[in-house]
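What follows is one structure encoded as structure tokens, with my remarks underneath.
The values are calculated or read from the model by the stated rules, or taken from the named source; none is laboratory data. All values derive from a computational prediction rather than experimental measurement. As a convention, Cβ positions derive from the backbone with ideal geometry for all residues, glycine included, and neighbour counts pool all protein chains shown.
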Protein chains: 2
Amino acid sequence: MSEQLTEEQILSEENLQLSKALRDLSDIEEKLEKIDEQVNSYRIKITTPVYDERYEIISKIPHFWKTVLQVHSDFADYIPVSNFKYVDLIKNIKMTMLNNTDFILRFEFLGSEGFPEQSVEKTFKLCKDITKLKYTNKLTDDELLDMSEFGFLTSEPVDIIWPKEYDSINPDILLSNTKDDKFKKNYRQGMKTFFAWFSWTGLKHGKEFPNGDGLASLFMEDIYPHCLKHYIEAKRDIDDEKGASDSEIEDDEDDIEGFNMSSLTNENDEPATKKMKK
Amino acid sequence: MSEQLTEEQILSEENLQLSKALRDLSDIEEKLEKIDEQVNSYRIKITTPVYDERYEIISKIPHFWKTVLQVHSDFADYIPVSNFKYVDLIKNIKMTMLNNTDFILRFEFLGSEGFPEQSVEKTFKLCKDITKLKYTNKLTDDELLDMSEFGFLTSEPVDIIWPKEYDSINPDILLSNTKDDKFKKNYRQGMKTFFAWFSWTGLKHGKEFPNGDGLASLFMEDIYPHCLKHYIEAKRDIDDEKGASDSEIEDDEDDIEGFNMSSLTNENDEPATKKMKK
């Protein structure tokens with residue numbers, strides 16, 4: 001009987017040691033998370049001036065962002081094909097990291113018929129307060145739990161002038177006559193455009209531009225940091241396509257003679273592309 | 001005629017500016033690559049002491065690595081199920097980063113019948129010199145090009161004492177009698193074991209432990225840095241399975257600091273972990 005008790009005591013002592021070890025491990029995990037944040041801050045700090053330099057250079061390359069966005073397959077998943085007419089007018093993009101999670105995206109559009117030259121800035125911030133969500137019926141309990149634990153992107157709506165051509169689906173215009181037969185259909189169509197993304201808040205699931213957070217993250221994590229890689233790949237694709245069927249793409253020829261850099265520079269140095277190749 | 005020439009001149013001037021911009025962009029890319037390296041070095045520097053601390057704590061948690069490795073589905077893809085008997089004896093693992101690409105993995109094994117307690121260290125280094133490869137006939141030109149551009153992992157063979165039980169497939173023993181009928185079959189079987197990985201060089205494609213680089217990278221990129229996450233997940237899985245199957249082991253449900261560690265304290269938790277084997 002007393003032996004039994006001693007065994008239990010030993011077990012309990014072992015348990016105590018084990019729980020201490022597990023608590024220590026949990027502290028380590030917290031330290032590692034903080035290190036992650038610290039490393040990210042460091043990355044942002046030393047990357048920012050180089051991105052600023054890059055921004056200036058890109059502004060000298062015609063159709064840079066058009067080329068990147070036209071060929072980026074994930075980007076195409078977020079917006080209707082017909083929108084590319086206006087996406088093509090994006091002259092430059094600038095991302096500013098506010099901290100490890102929050103950022104500003106600025107889009108600089110060239111003008112076109114029925115669409116003015118304009119720059120639009122949209123800020124994205126991580127939020128963990130799920131009470132701010134206006135519609136939660138489309139979210140599962142697990143999704144809500146994840147959102148409160150890891151946070152979710154939110155954004156204030158910002159003004160953007162829509163193309164005249166889109167008047168019939170422009171939500172602002174439509175809202176002046178909600179009795180119209182086609183109101184709902186047109187409103188929904190408008191909500192899916194790239195322009196509706198600028199009104200996206202992250203708080204009205206199912207009632208605004210769909211997956212606005214995904215599009216924001218795509219710019220932040222992939223399109224912006226890896227734009228040069230995407231540009232080169234896009235240029236190769238275009239060159240390949242040119243090779244395959246000469247007649248298909250003609251009017252692009254004037255921007256660069258195919259981004260086959262060696263043919264481009266007229267100087268015979270086996271240039272940059274090789275170094276940039278990923 | 002002269003007008004034609006002027007247009008060409010303008011075009012050529014534009015081309016020159018464009019190629020300068022593209023060269024500048026390529027310089028930016030190089031800067032960004034260097035920043036990546038710099039950030040990685042920084043990460044290694046500040047992570048190392050915390051990993052060292054973690055190593056000490058883990059040594060106090062029985063079956064920590066056994067639990068992690070038993071449930072890690074990717075790890076199980078690299079070695080035969082029968083090897084887990086010995087993988088379970090891994091008491092602790094230590095990774096030391098030498099630089100951004102090179103690292104040492106140390107495995108500390110407990111002893112068992114026919115298998116001595118031992119610690120084995122294996123060093124992995126990135127190499128870009130494809131002339132070092134001894135067999136290239138199984139590699140495509142594209143693979144070789146990638147290897148020379150991005151490098152490939154290599155490693156010096158290191159000694160490990162194989163389990164007595166594996167004498168019949170132990171390559172060192174087999175090589176003393178290559179005339180044996182079953183030599184090839186047994187040799188090949190031995191080559192696929194976890195123990196053969198310690199002889200892996202990365203230079204003899206198709207003639208040594210398969211995908212040794214993948215296994216090394218798996219430890220470096222996932223298993224080692226995220227071991228606590230894997231441990232907690234594994235423990236949850238084990239608990240779930242216990243709950244689902246029946247109450248075969250009814251020990252005290254002592255949740256420790258948020259982890260559901262009900263089974264951890266019981267030294268006789270053999271059955272639950274075995275079930276996890278894939």
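State yes or no: is B:Asp146 over 19 Å from B:Tyr224 (Cβ atoms) and without any contact (Cβ under 8 Å) to a residue 24 or more places away in the chain?
Yes: the conditions hold for B:Asp146.
Put simply, of A:Asp167, A:Asp237 the only residue that is out of contact with any Phe, Trp or Tyr (no Cβ under 9 Å at 6 or more places or on another chain) and under 30 Å from B:Ile28 (Cα atoms) is A:Asp237. Out of the residues in the stretch B:9-68 meeting the condition of being surrounded by 18 or more Cβ atoms within 10 Å (Cβ to Cβ) and among the polar types (S, T, N, Q), tell me which one is nearest to A:Thr47 (Cα to Cα). Selected residue: B:Ser26.
How about the stretch A:76-96: which of its residues are of a type in the set (A, V, I, L, M, F, W, C) and under 11 Å from A:Leu110 (Cα atoms)? Correct list: A:Val87, A:Leu89, A:Ile90.
One residue stands out among those in the stretch A:152-187 that are outside any helix (DSSP H, G or I) and of a type in the set (D, E, K, R): the one that is nearest to A:Lys122 (Cα to Cα), which is A:Glu156.
The number of residues in the stretch A:171-198 being under 22 Å from A:Ile90 (Cα atoms) and among the aromatic types (Phe, Trp, Tyr) comes to 4. Checking B:Asp146, B:Asp240 one by one, the residue that is out of contact with any helix residue (DSSP H, G or I) (no Cβ under 9 Å at 6 or more places or on another chain), part of a helix (DSSP H, G or I) and at pLDDT below 90 is B:Asp240 and no other.
Quick check on my filter: what residues within the stretch A:200-213 are under 18 Å from A:Thr123 (Cα atoms) and in contact with a strand residue (DSSP E or B) (Cβ under 9 Å, 6 or more places away or on another chain)? Don't jump to the end; show me each part of the working.
We begin by selecting, within the stretch A:200-213, every residue under 18 Å from A:Thr123 (Cα atoms); these are A:200-204, A:208-213.
The answer is A:Trp200, A:Thr201, A:Gly202, A:Leu203, A:Lys204, A:Gly212, A:Asp213.
Scanning the stretch A:21-61 for residues that are among the basic types (Lys, Arg) and more than 9 Å from chain B (Cβ to nearest Cβ) yields A:Lys34, A:Lys45.
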